């Protein structure tokens, strides 16, 4: 029997989508326990308290999951609650696919779960991808942990946004580099900051032949992997870039968050603010020309910006947590 490892296939990570009504309540509980144990790293005691069951039952169901084959390299069980949310999200926002993962009381673990699911989605779909554009953020960095690597030398990996001037695991440059390394792929970087000091300087930077070539490649990718940020201090864009000096101005202009450094209002429209004219990266309008845009993001603090982006019908695949999904369709 294959030993259980840190790869699960709960809820929507399976290839097939059986009718949720046929999934027993006992299997539902097994899948949820396995997710908390293997993905989130909770102890059996923590799980027992979280689900209001005794620890002996948690241990028994974990053992049963392994014995039955539910937990091998991945979890093949489904959560009917997540499947139902996936269907409603797809219908409400015109998505090709929605992936909903169980939520956690710990905000950090929500990102872990979404990152895990994103890595599995990439692994399952990479054979159909010829060129992929990479955004930035902690969720995308966490996705790298669960990607199953292989050699795809013809794959192109392109940064869609400028980078930070110091090393950071969430930096666009470093995420794109590590992503390309996993697949031994070609890589193209926007060797520039996220924001220029003025619009004129931004235009001058992007007029350089090398950077113009990267932007052209970014426009022509067949898949884009993105996250979004809100305007709180939880956002890396706020904490690590000049955005932190413009929060009040952005809010007065109606901004609820950003995607690729472009700040949007509640209706998903780009607001009139100088930062939107200084960002170095793929233009917001260019997202509509990409064949498959994957958005991996969650947490209630991102609810407004997620809804804003989804309303624009630019997203084809959404990977989100259960609680946020419920609010999006509520």
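The values are calculated or read from the model by the stated rules, or taken from the named source; none is laboratory data. What you see is a predicted model, and the numbers here were worked out from it, not measured in a lab. Cβ: placed from backbone, ideal geometry, glycine included. Neighbour counts: every protein chain shown.
Regarding segment 256-267, can at least one residue be identified that is in a helix (DSSP H, G or I) and out of contact with any strand residue (DSSP E or B) (no Cβ under 7 Å at 6 or more places or on another chain)?
In the first step, residues of segment 256-267 are kept if they are in a helix (DSSP H, G or I); the result is none.
Scanning segment 256-267, I find no residue that is in a helix (DSSP H, G or I) and out of contact with any strand residue (DSSP E or B) (no Cβ under 7 Å at 6 or more places or on another chain), so the answer is no.
One residue is enough: does segment 106-115 have a residue meeting the conditions in the same structural domain as residue 291 (by TED's automatic domain parsing), assigned to a loop (DSSP other than H, G, I, E, B) and farther than 29 Å from residue 158 by Cα?
Kept after step one, since they are in the same structural domain as residue 291 (by TED's automatic domain parsing), are these residues of segment 106-115: 106-115.
Checking the rest, the ones that are also assigned to a loop (DSSP other than H, G, I, E, B) come to 106.
The next check asks that each one be farther than 29 Å from residue 158 by Cα; those that pass are 106.
Within segment 106-115 (the criterion being in the same structural domain as residue 291 (by TED's automatic domain parsing), assigned to a loop (DSSP other than H, G, I, E, B) and farther than 29 Å from residue 158 by Cα), the answer is yes, since at least one residue qualifies.
For residue 56, state whether it is modelled with pLDDT of 85 or more and over 25 Å from residue 115 (Cα atoms).
The answer is yes for residue 56.
Taking the stated definitions as given, is residue 288 farther than 25 Å from residue 104 by Cα and assigned by TED's automatic domain parsing to the domain that holds residue 204?
It is true that residue 288 is farther than 25 Å from residue 104 by Cα and assigned by TED's automatic domain parsing to the domain that holds residue 204.
When segment 89-105 is examined, which residues are found to be within 26 Å of residue 312 (Cβ to Cβ), touching a strand residue (DSSP E or B) at 6+ places or on another chain (Cβ under 9 Å) and not in a helix (DSSP H, G or I)?
Across segment 89-105, the qualifying residues are 95, 96, 97, 98, 99, 100, 101, 103.
Looking at this structure, is residue 94 surrounded by fewer than 18 Cβ atoms within 10 Å (Cβ to Cβ), within 24 Å of residue 262 (Cα to Cα), modelled with pLDDT of 95 or more and in the same structural domain as residue 194 (by TED's automatic domain parsing)? Outline the logic, then answer.
On the way: surrounded by fewer than 18 Cβ atoms within 10 Å (Cβ to Cβ): yes; within 24 Å of residue 262 (Cα to Cα): yes; modelled with pLDDT of 95 or more: yes; in the same structural domain as residue 194 (by TED's automatic domain parsing): yes.
Criteria met by residue 94.
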